[in-house]
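Here's the structure we're looking at; comments come further down.
The values are calculated or read from the model by the stated rules, or taken from the named source; none is laboratory data. Just so we're clear, the structure is a prediction, and the values are computed from it rather than from any experiment. Neighbour counts are summed over all protein chains in view; Cβ atoms, including those assigned to glycine, are modelled from backbone coordinates with ideal geometry. The accessibility values were calculated without ligands, DNA or RNA, using every heavy atom of the protein model including side chains. Shrake-Rupley method; radii C 1.70, N 1.55, O 1.52, S 1.80 Å.
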Amino acid sequence: MYFQQISILLLAGISTIAATPTPTVQKRWPCQVAIPEYARVEEARPVESYLPGFLIAQDSHHTNRKDAFVQFDIPAGSYGCQLEASFPASYPITSSGNTQVYVYSTDKALTYGKPNQLDASWAYCPAPVSHVGTISFKSETWGVTRSVINSFQCKEKMTYRFKMSTDSEAAGSVQFEQNSGAGLRMVYNC
């Protein structure tokens, strides 16, 4: 009798387990990646726009500063935006002295002057609002070097200013070619 009760309970448990619906597994799409447009400004050239290259630098005692801006266009409804730097193995990054770079959110987006070119000058550009990250740009010899700067709520325009660290009075500079395969990027919808 005892054996019969256990058998019935065991069979009832198995039929309950078998009757439990299997959850549907949703297919995950790969993350999306946005490559920024960029602009460079120089303290010594306060009204000149369209300066070439991606360069962040300063002379000693925070003089002759050169800052860079990046701006991302993110589709409406996106989520999980993460600002990163990613470089293939042995990617050329030219740097000297103090190489620590501060990243700031800005009070507004950059505007366009010439077709498909961001217009910014030292005297006429978005102001930094909050210090949102710190990075020392580097490229390792053994493989891809990926550095996460910070994560944010996605917006359709995401603009950041890159400046040399103010913690040091030392001169420093960082320069690299920003392109679709190397440099800054925004990863989202992961």
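Observations on the structure shown:
- Computed accessible area, residue 61, all protein chains, 1.4 angstrom probe, square angstrom: 120 Å²
- Placing a pseudo-label 7 Å from each Cα along the Cα-to-Cβ vector at residue 136 and residue 108 gives an inter-label distance of 3.7 nm.
- More than 17 Å apart - percent of Cα-Cα pairs taken over the range 68-175: 61 percent
- Enclosing the Cα atoms of the range 115-190 in their convex hull gives a volume equal to 171 cubic angstrom per residue.
- Over the range 96-146, the pair-distance histogram of Cα-Cα distances with 10 Å bins from zero comes to 20, 31, 34, 15, 0 percent, rounded to whole numbers.
- Straight-line cross-link reach from residue 66 at under 20 Å between alpha-carbon atoms covers these lysines, not counting any fewer than eight positions away in the same chain: 108, 138, 163.
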